[in-house]
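Asker: Okay, handing you the structure first.
The values are calculated or read from the model by the stated rules, or taken from the named source; none is laboratory data. Here the structure is a predicted model, which means the values were calculated and not measured. Note: ideal-geometry Cβ built from the backbone for every residue, glycine included; neighbour counts use all protein chains shown. The accessibility values were calculated without ligands, DNA or RNA, using every heavy atom of the protein model including side chains. Shrake-Rupley method; radii C 1.70, N 1.55, O 1.52, S 1.80 Å.
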Amino acid sequence: MGKMNRLKCFLEGKMGYYIYLFLLAVLLFFCWRNANVLHLYLGPTHTGYNDSTDGKSIWKGYSWSGQMEVEEKALWGVSLLFETERDGDWQKDAEEDILITVSMLEGEDILWQWTFSREDIRPRSAYKCILPEEIGYSGQKMYTINVSSDAKTVETGVKVLDFQPVLYKVRAQIIKPILGIFVFLVFFVVVQMGKSGKEIYEKYFFMAGIFGMCYLLFLPYGRIPDEVSHFLRIYEITEGHVTSEKVTIEGGMEIRGRELPVGIDGGINQHTTVFQDMLDQSDLRIGTEQQWYEFSNMALYSPVSYLPQIVGVAFGRLFSDHVYVLI
């Protein structure tokens with residue numbers, strides 16, 4: 001019992017706090033070193049896409065090419081929205097790592113090629129192929145995007161749902177140092193908070209506020225899984241619906257959701273959204289036209305668990321019909 005008390009005092013004391021800070025510093029360092037800042041690139045949005053490959057899978061026996069017309073003054077690369085067949089454990093079935101090659105051509109000249117693993121592609125997620133240097137030009141130009149794969153079967157190939165030019169870029173060389181400085185400042189503030197004589201709950205609220213701001217600044221809306229579905233459930237409750245509507249679809253499967261105003265989801269593609277998507281949809285307003293939204297998992301949540309958010313959205317609806325004001 002005496003050893004347990006000493007361990008408890010150690011962990012709750014200053015030494016325990018500094019051990020926590022050390023572990024936090026290591027975590028922040030590795031997060032910063034491995035940070036993928038591509039989600040900070042301004043553009044493009046992949047809403048309202050079509051299947052560019054017409055349902056065909058790109059594998060060793062079939063490659064795909066598409067034309068991309070660009071009218072802006074500068075091109076930084078291309079963003080491709082991929083779909084993968086993830087039925088079964090294809091990672092174990094594949095004899096070797098499957099590589100995807102993307103080529104950008106102007107006429108018959110290859111401007112650049114990118115090669116990456118199929119494992120780097122998430123289903124219905126955008127993969128941004130960024131050029132090392134800006135291609136400067138004036139006037140309208142046409143580029144050819146070619147996608148090939150060394151997959152041995154159709155099942156282990158990929159499909160291109162959409163492709164769009166990346167026209168505005170936040171330089172990674174600039175973002176990385178800024179993130180590093182920001183992380184250092186956060187850590188410095190946390191250390192100073194630890195030295196203060198404030199109660200533990202005061203320290204917690206202060207630190208939670210700092211890290212909450214970090215999430216807000218560096219993760220666009222919709223980037224986190226189920227974030228949009230949670231908002232749809234909250235909006236449904238503010239309309240006076242405690243439970244969601246149940247619908248039986250083909251095959252006898254039951255799904256839950258509700259008809260809500262068109263665009264209430266923010267008009268974004270979940271999990272792949274970038275800040276430009278939010279800017280593009282900044283004037284999105286709640287209208288009278290309705291469409292069906294499915295959020296089966298979130299429909300199981302009790303309204304009690306959403307009380308703070310319900311109050312916020314309901315209050316916002318009194319003063320504004322802007323979707324992103326409510327979000």
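Asker: All but one of (1) closer than 30 Å to Ala25 by Cβ; (2) touching a Gly at 6+ places or on another chain (Cβ under 8 Å); (3) part of a loop (DSSP other than H, G, I, E, B) hold for Gly197; which doesn't?
Answerer: Here Gly197 meets the rest and fails (2).
Listed here are the residues, each with its yes/no results for (1) at pLDDT below 75; (2) touching a Leu at 6+ places or on another chain (Cβ under 9 Å).
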{"position": "Ser138", "(1), (2)": "yes, no"}
{"position": "Met142", "(1), (2)": "no, no"}
{"position": "Asn146", "(1), (2)": "no, yes"}
{"position": "Phe163", "(1), (2)": "no, yes"}
{"position": "Val170", "(1), (2)": "yes, yes"}
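Asker: Pull up the range 259-312, narrow it to residues that are open to solvent by 30 Å² or more (accessible area, probe 1.4 Å) and either at positive phi or among the β-branched types (Val, Ile, Thr) (or both), then point me to the one that is modelled with the lowest pLDDT.
Answerer: Checking each candidate, the answer is His271.
Asker: Applying the selection to the range 217-241, what residues are assigned to a helix (DSSP H, G or I) and modelled with pLDDT of 75 or more?
Answerer: The answer is Glu227, Val228, Ser229, His230, Phe231, Leu232, Arg233, Ile234, Tyr235, Glu236, Ile237, Thr238.
Asker: Of (1) modelled with pLDDT under 75; (2) open to solvent by 60 Å² or more (accessible area, probe 1.4 Å); (3) more than 19 Å from the chain's Cα centre (by Cα), Glu69 satisfies all except one. Which?
Answerer: Failing condition for Glu69: (1).
Asker: If you don't mind, there's one more thing I want to ask. Which of the residues spanning the range 113-134 are modelled with pLDDT of 75 or more, closer than 22 Å to Thr273 by Cβ and buried (at least 19 other Cβ atoms within 10 Å of the Cβ)?
Answerer: Listed by number, the residues that qualify are Tyr127, Lys128, Cys129.
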